[in-house]
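Here is the structure we will look at.
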2 protein chains.
Amino acid sequence: MFSKACEYGIKASIFIAINSAEGKRVSPKAIAKEIASPEAFTAKILQALVKNGVINSVKGAHGGFEINKNEIATVKLSQIVNAIDGDKIYSNCGLGLHTCDEIHPCPVHHKFKIVKDELRDMLENTTLEELAQNIKSGASFLKM
Amino acid sequence: MFSKACEYGIKASIFIAINSAEGKRVSPKAIAKEIASPEAFTAKILQALVKNGVINSVKGAHGGFEINKNEIATVKLSQIVNAIDGDKIYSNCGLGLHTCDEIHPCPVHHKFKIVKDELRDMLENTTLEELAQNIKSGASFLKM
DNA sequence: TTTATTTCGGATAAATTTATCCTATATATA
DNA sequence: TATATATAGGATAAATTTATCCGAAATAAA
Ligand code: FES
Ligand code: FES
């Protein structure tokens, strides 16, 4: 469904959100350990998230990755996915036609639309805060 | 969402269904032309579909690929997807955890479940006959 | 039985995604 | 300013997916 890069990006963002809420910055090393991902690859993904304004980075001693405390509640899953995989997951044709639209639909277009809309809604209506809260409460997990 | 192999497999199956309804067998060459896919790669996917019993093949002169006329209405999209990509699309964890279940869920598990169930329902309730009909009537297209 | 036809299947190759490594660049602090 | 610390980013490598090629095996028809 999502690329590995995107999976890591989402999990990393959640972990950063949890720490930023406590005023702590985190390193790629700490992130990779927490989400069980390859460190260097994760670092690359973090760069993409920084470039897209989803998270902030601070270089140098006592640096690390963080998210503005007051943005944790506003960052949506869709922003993370978009920063890494783009919007192809809900804009591309499910059967690979060059364009996906009503005037030249593939055989599954209308049925797929329902699934894609459901997915888009879900991604656009889920915030980092919500996901971070689930981890904090022990209701969900970032690895294994 | 789906692999290229799966996209080709679905489109190929629809084209075969259309022709089988008229008692005609089709070659990988004709299929690849109709669905705008690489011929040799498409042939490999057809082999997988044959192995999984989704379509039949007949070797030799006047051979080709076909689907039993009375099976066209019973073959579901889910069978094609399963034959090629397996069931990972709705059984794997959306964030890549080793297992996806209620007792050790990832942060998006419950929200993802809705999307995955919607997708599964769609694939399990869509038959080749229905998709072939849409192509025949000109309501949908297999390429471009 | 011979020939033409057509799928099967193994071996490769190309492209993309995933992953690693190393150096440059920036920053806090002593 | 010097030093230690940390992210940025380029160059590569490994793994997976996508794609190609070609000979083997099967089959229909002459
Ligand atoms: S045209 Fe295929 S999903 Fe819209
Ligand atoms: S555990 Fe992640 S989707 Fe179920």
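Of all aspartates and glutamates in the structure, the ones whose alpha carbon falls short of 14 Å from that of A:LYS44, not counting any fewer than 8 places away in one chain, are A:GLU7, A:ASP85.
For the protein assembly as shown, rounded, prolate or oblate, judged on the Cα gyration tensor with a ≥ b ≥ c (square roots of eigenvalues), a/c < 1.5 rounded, else prolate if a/b > b/c? Don't skip to the end; give the middle numbers.
Values: a/c = 2.57, a/b = 2.55, b/c = 1.01.
Prolate.
For A:ASN70, the label point sits 7 Å beyond Cα toward Cβ; its separations from the matching points on the remaining copies run 7.1 nm, from shortest to longest. Annotation: amide H of A:ILE55 within the under-5 Å range of A:VAL50, sequence separation 5 or more or interchain, hydrogens built in the peptide plane.
Label segment A:15-78 by shape, choosing from rounded, prolate and oblate, from the square roots a ≥ b ≥ c of the eigenvalues of the Cα gyration tensor; if a/c is under 1.5 it is rounded, and otherwise prolate applies when a/b is larger than b/c, oblate when it is not. Numbers along the way, then the final one.
Details: a/c = 1.43, a/b = 1.25, b/c = 1.15.
It is rounded, given that a/c, with a ≥ b ≥ c, falls under 1.5.
Axis-proximal residue of chain B for the rotation onto chain A, reported as residue and distance in whole Å: B:GLU118, 3, based on Cβ position.
Which of the residue pairs B:LYS4/B:LYS24; B:LYS4/B:LYS69; A:LYS88/B:LYS113; B:LYS29/B:LYS111; A:LYS4/A:LYS136; A:LYS11/B:LYS4 have a Cα-Cα distance greater than 32 Å in the structure shown? Numbers along the way, then the final one.
Details: B:LYS4/B:LYS24 26 Å; B:LYS4/B:LYS69 27 Å; A:LYS88/B:LYS113 21 Å; B:LYS29/B:LYS111 43 Å; A:LYS4/A:LYS136 24 Å; A:LYS11/B:LYS4 27 Å.
Those over the limit are B:LYS29/B:LYS111.
Let me know the longest stretch in chain B that avoids all GluC sites (Glu not before Pro) found in a DSSP loop with at most 15 other C-beta atoms within 10 Å. Working shown, then result.
Values: sites that count: B:GLU22, B:GLU102.
Between the exposed loop sites, the longest stretch runs B:23-101.
Taking 4.7 Å between C-beta atoms as the pairing limit, chain B has these partnerless cysteines: B:CYS6, B:CYS106. Evaluated at q = 0.22 Å⁻¹, the base-10 log of the normalised Debye intensity for chain A, with identical point scatterers placed on the Cα atoms, takes the values -1.34. Applying the criteria of a DSSP loop state and at most 15 other Cβ atoms within 10 Å to the trypsin sites (Lys or Arg not before Pro) of segment B:1-91 yields B:LYS24, B:LYS59.
Computed from the coordinates by the stated procedures, all read-outs in this text should not be read as laboratory data. Computed from a predicted model, the values in this text were never measured in an experiment. Glycine also receives a Cβ, built like all others from the backbone with ideal geometry; neighbour counts cover every protein chain displayed.
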